[in-house]
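Colleague: A single structure is presented below for examination.
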Amino acid sequence: MKQNSHDSMKVDSYKPKLNDYVKWCTPWRNVEGWVYFVDVDYITIEISVRDKDPADLEHSSFHRKHHVLLLCHQIYWNELIYVRSR
């Protein structure tokens, strides 16, 4: 386990959990967000949330926000940096 100056840690055997805040840093992408869904094969990371337009709410009032999720397969979990949990 390595710790950096931001109080985050990178663990080679890290297993993401629901509501963990993670960073996914590679040479071609640098994103961060909340673990929104966990499965044995993949997780989704919520990288953005915004309110729906009022017109959209007329047709779909059950979900009031747009969530942008990034899919991360298990083979890439070693690239995740755990920051904290809520």
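No value in this document is a laboratory result; all are computed from the given coordinates. On a predicted model such as this, the values are computed, not experimentally measured, just so you know. Cβ atoms come from the backbone with ideal geometry, glycine included; neighbour counts cover every protein chain shown.
Colleague: Can you tell me which residue within the stretch 65-80, out of those that are not hydrophobic (A, V, I, L, M, F, W, C) and not in a strand (DSSP E or B), is surrounded by the most Cβ atoms within 10 Å (Cβ to Cβ)?
Modeller: Per the criteria, the residue is Glu79.
Colleague: Go through (1) touching a residue at least 24 places away in the same chain (Cβ under 8 Å); (2) in a strand (DSSP E or B) one by one and return the number of the condition Tyr14 breaks.
Modeller: (2)
Colleague: Still on this structure, please answer the following. For the stretch 47-64, give me each residue that is surrounded by 10 or more Cβ atoms within 10 Å (Cβ to Cβ) and either among the β-branched types (Val, Ile, Thr) or closer than 17 Å to Trp34 by Cβ (or both).
Modeller: The answer is Ile47, Ser48, Val49, His63.
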